[in-house]
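Here the structure is laid out as structure tokens; the discussion comes afterwards.
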Amino acid sequence: IINSHMKRHINKVAVIGSGIMGSGIACHFANIGVEVLLLDIVPRELNDKEKAKGLTLEDKVVRNRLVNDSLTASLKSKPSPIYHQKFADRITTGNLEDDISKVADVDWIIEVVVERL
């Protein structure tokens, strides 16, 4: 039996997919005070900058490049989807291989990935 007076509070969400839409959704949740876990895939290869720095596909900065680059682009867009840059601190980034277990701690999961049918 479901009590109609029960209220469900969403304090933390996970957004799977950090493209334009996923990063934007993450920002809007951060705007209203919700903690966000923003995840995306691990890159399959190093870019030229990473190669020049001697990084490998195992380095965290490489493994989180896609999600961090997407969020950075979203935060810099005009108009920005984040109301105050400080609100971006509510967004934690990661990748689907290393950080998927963290979704166990969220109240709601939103999937926003590219569909290639």
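Note on the stretch 4-95: no enclosed strands (runs of 3 or more DSSP E) hold 1 or more residues that are of a type in the set (Lys, Arg), closer than 23 Å to Ile109 by Cβ and at pLDDT below 95. Taking the stretch 70-112 as the range and being over 14 Å from Ala30 (Cα atoms), surrounded by fewer than 14 Cβ atoms within 10 Å (Cβ to Cβ) and polar (S, T, N, Q) as the test, the residues that pass are Thr72, Ser101.
Taken as a whole, the stretch 3-17 holds at least one residue that is touching a Lys or Arg at 6+ places or on another chain (Cβ under 9 Å) and either open to solvent by less than 20 Å² (accessible area, probe 1.4 Å) or touching a residue at least 40 places away in the same chain (Cβ under 8 Å) (or both). Within the stretch 40-64, the set of residues being open to solvent by less than 40 Å² (accessible area, probe 1.4 Å) and either of a type in the set (Ser, Thr, Tyr) or under 18 Å from Ala88 (Cβ atoms) (or both) comprises Asp40, Asn64.
The values are calculated or read from the model by the stated rules, or taken from the named source; none is laboratory data. Treat the numbers as computed from the prediction; the structure is a model and nothing was measured. Quick reminder, even Gly has a Cβ in these numbers, built from the backbone with ideal geometry, and neighbours come from all protein chains shown. Note: areas computed on protein heavy atoms with side chains; ligands, DNA, RNA excluded. Shrake-Rupley method; radii C 1.70, N 1.55, O 1.52, S 1.80 Å.
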